[in-house]
Amino acid sequence: MSDSHESAELGARWLAPHFDAGRGPLSEATLQARHKEGYAAGFDAGRSAGLSAGRQQLADTLERLEHVLGAFAEPLDQLEREVDEALLEFATRLAGQLVRRELQLDASHVVGVLREALRALPIAEREVAVRLHPRDASIVRDAYALDERSLAWQLVEDTALEPGDVIVAGEHAQVDARLQTRIDRTLADLLADERE
């Protein structure tokens with residue numbers, strides 16, 4: 001088929017719109033009113049669609065921003081945990097060094113630690129052995145001013161222990177009052193109080 005023939009067929013199928021001959025042309029006021037109505041309806045529909053699209057775009061942008069901020073926060077949280085752990089390790093070592101230095105200046109503190117450890121054992125314990133560093137064992141002997149036969153417990157010198165360490169063991173219970181154990185326990189209590 002040729003282009004002119006197709007145009008003729010299309011032209012033949014087209015029908016002019018039907019007009020009501022009795023109504024006549026619309027007045028200027030009616031045309032303006034309908035124009036305003038159409039404009040207002042189009043404006044409202046466009047405004048509503050624009051606001052909806054804007055809200056969706058804002059929500060999408062906020063979601064992406066939260067994701068990016070979360071990605072930044074995660075390494076910072078990890079860094080904060082690592083710094084906290086390093087500070088705790090530093091504080092533990094510093095406390096240990098300070099206490100060890102104090103024990104070098106005044107080793108009699110071991111007597112108080114021994115008394116607390118003995119009180120922590122159940123009363124019914126028998127055959128109690130007190131393990132101490134050799135230097136501390138001589139201080140305890142002097143403090144109690146008794147020979148070992150008159151003590152209710154056996155004093156054992158243990159070179160594997162540090163000065164200030166005390167381990168009290170009975171048949172059924174043991175009290176670990178080593179210096180590092182006491183420091184760790186004190187720091188754990190402090191941290192637990194801080195978290196509450």
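The values are calculated or read from the model by the stated rules, or taken from the named source; none is laboratory data. Not measured: the values here are computed from a predicted model. FYI the Cβ positions are ideal-geometry reconstructions off the backbone, even for glycines, and counts take in every protein chain you see. The area values use the complete protein model at the heavy-atom level, side chains included, leaving out ligands, DNA and RNA. Shrake-Rupley method; radii C 1.70, N 1.55, O 1.52, S 1.80 Å.
General remarks:
- Ranking Thr159, Thr92, Thr61 from most to least accessible surface, computed with a 1.4 Å probe over the protein chains only, gives Thr159, Thr61, Thr92.
- From phi via Karplus (6.51, -1.76, 1.60), per-residue ³J(HN,Hα) for region 177-186 in Hz, x at Gly/Pro: 10, 5, 3, 5, 5, 5, 5, 4, 5, 5
- Loop-located trypsin sites (Lys or Arg not before Pro) in region 63-125 (DSSP state not H, G, I, E or B) with no more than 11 neighbouring Cβ atoms inside 10 Å do not occur.
- Residues Asp136, Asp142, sorted by accessible area with the largest first, give Asp142, Asp136 [1.4 Å probe; ligands and nucleic acids excluded].
- Built amide H within the under 5 Å cut-off of Asp158, gap 5+: Leu132, His133
- Taking the accessible area of region 23-166, probe 1.4 Å, and keeping the other protein chains in place, the carbon and sulfur fraction comes to 57%.
- Against the criterion of solvent-accessible heavy-atom surface with a 1.4 angstrom probe, Leu26, Leu190 sort, most first, into Leu190, Leu26.
- Label point distance in nm, Ala188-Gln32, each placed 7 Å from Cα along Cα→Cβ: 8.9 nm
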